[in-house]
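Colleague: Handing you a structure now.
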Amino acid sequence: EGADEIAFLNITSFRQGVLEDMPMLHVLEEASKSIFVPLTVGGGIRSYTDPASGQTWSALEVASRYFRAGADKISIGSDAVSAAEMFVSNGEKKTGETAIEAISHVYGAQAVVISIDPKRVYINNKNDADSKHVVVDLGDSTKGPNGEQFCWYQCTVKGGREERDICAVTVAKAAQALGAGEIMLNCIDMDGQCQGYDLPLMNAVCAAVTIPVIASSGAGKEDHFVEVFTHTPVKAALAAGMFHRKEVEIESCKAAIQNSGLPARRKQ
């Protein structure tokens, strides 16, 4: 259908170990036999101990199992937030102990994608947020429900179920410093709304890092792809629901991008 990459993201895998998630591994193994675009797989990439056997696996061992099953890249979510918190608390010094560092060292930065799941925390004044957070001006079109002009983007973990006192920009910068090669940037407020990507968020993170940023959450029509590539420096855009439901075709999105004067890889 024309996708340039495919991402498998298991948002419930924090409840169990990846090595016990045989259905996901089987899907990946079968998909890699006939799909020849890069495959990114995420969910539960972390060190963990099996409560039944007491055996412990490192994040590198878990990632290695995914790579052997056919993944080209792995996506780290919740564990990346913890790694960023540790990086900041250590005065922005590496420890060599995080999943990002370990996997990047063995497989390369290009194989490590960081998935960030922030939510907006609306404020009326830039000074209303803790100074450690990066405050973003929302502009006229995306103000808060009570007319708030500003927000900071609070990171969440465990599929958005828990909030952390760290912002998306800080996590992105830390992830790059620790060895990540890409940022998959979601937004809980936009997810499933089909109203377009969170452009202020994309611009804020792109301005803070030099590695590629992938826009995610909010696409509902072809013009949303044109919009995000026109108004932000993101290098790729991801969508799920609208393609799964066959509401929009991938090729029609690429045609819209190309018709706007932007390059797009089309099916031959």
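The values are calculated or read from the model by the stated rules, or taken from the named source; none is laboratory data. This structure is a prediction, so every number in the text was calculated from the model and none was measured. Reconstructed Cβ throughout: ideal geometry from the backbone, glycine too, with neighbour counts over all protein chains shown. The protein model used for the area step is the full one, side chains on, heavy atoms only, and it has no ligands, DNA or RNA in it. Shrake-Rupley method; radii C 1.70, N 1.55, O 1.52, S 1.80 Å.
Colleague: List, please: which pairs have Cβ atoms under 9 Å, are six or more places apart or on different chains, and start with a residue in the stretch 229-241 that is over 17 Å from Ala3 (Cα atoms) and free of Cβ contacts under 8 Å to residues at least 40 places away in the same chain and end with one that is surrounded by fewer than 21 Cβ atoms within 10 Å (Cβ to Cβ) and among the aliphatic types (A, V, I, L, M)?
Modeller: Thr230/Leu262; Pro233/Ala207
Colleague: How many residues does the stretch 97-149 contain that are among the charged types (D, E, K, R), free of Cβ contacts under 8 Å to residues at least 40 places away in the same chain and in contact with a Phe, Trp or Tyr (Cβ under 7 Å, 6 or more places away or on another chain)?
Modeller: Number satisfying all stated conditions: 2.
Colleague: Hey, another quick one. Yes or no: the stretch 59-66 includes at least one residue that is modelled with pLDDT of 90 or more, closer than 26 Å to Gly96 by Cα and among the aromatic types (Phe, Trp, Tyr).
Modeller: Yes - at least one qualifying residue is present in the stretch 59-66.
Colleague: Please go through the stretch 71-100 and give me each residue that is within 26 Å of Glu30 (Cβ to Cβ), part of a loop (DSSP other than H, G, I, E, B) and open to solvent by less than 20 Å² (accessible area, probe 1.4 Å), ordered by number.
Modeller: Ala71
Colleague: Charged (D, E, K, R), assigned to a strand (DSSP E or B) and farther than 21 Å from Ile6 by Cβ - does that describe any residue in the stretch 114-129? Quick ask: steps written out before the conclusion?
Modeller: As a first pass, look at the stretch 114-129 and keep what is charged (D, E, K, R): 117, 119-120, 126, 128.
If we keep only those that are assigned to a strand (DSSP E or B) as well, we get 119-120.
From what's left, farther than 21 Å from Ile6 by Cβ: 119-120.
Yes, the stretch 114-129 contains a residue that is charged (D, E, K, R), assigned to a strand (DSSP E or B) and farther than 21 Å from Ile6 by Cβ.
Colleague: Ok, one more. With open to solvent by 40 Å² or more (accessible area, probe 1.4 Å), more than 22 Å from Ser82 (Cβ to Cβ) and either at pLDDT 95 or above or among the basic types (Lys, Arg) (or both) as the only criterion, which of Gly261, Gly192 stands out?
Modeller: Result: Gly261 is the single residue among Gly261, Gly192 that is open to solvent by 40 Å² or more (accessible area, probe 1.4 Å), more than 22 Å from Ser82 (Cβ to Cβ) and either at pLDDT 95 or above or among the basic types (Lys, Arg) (or both).
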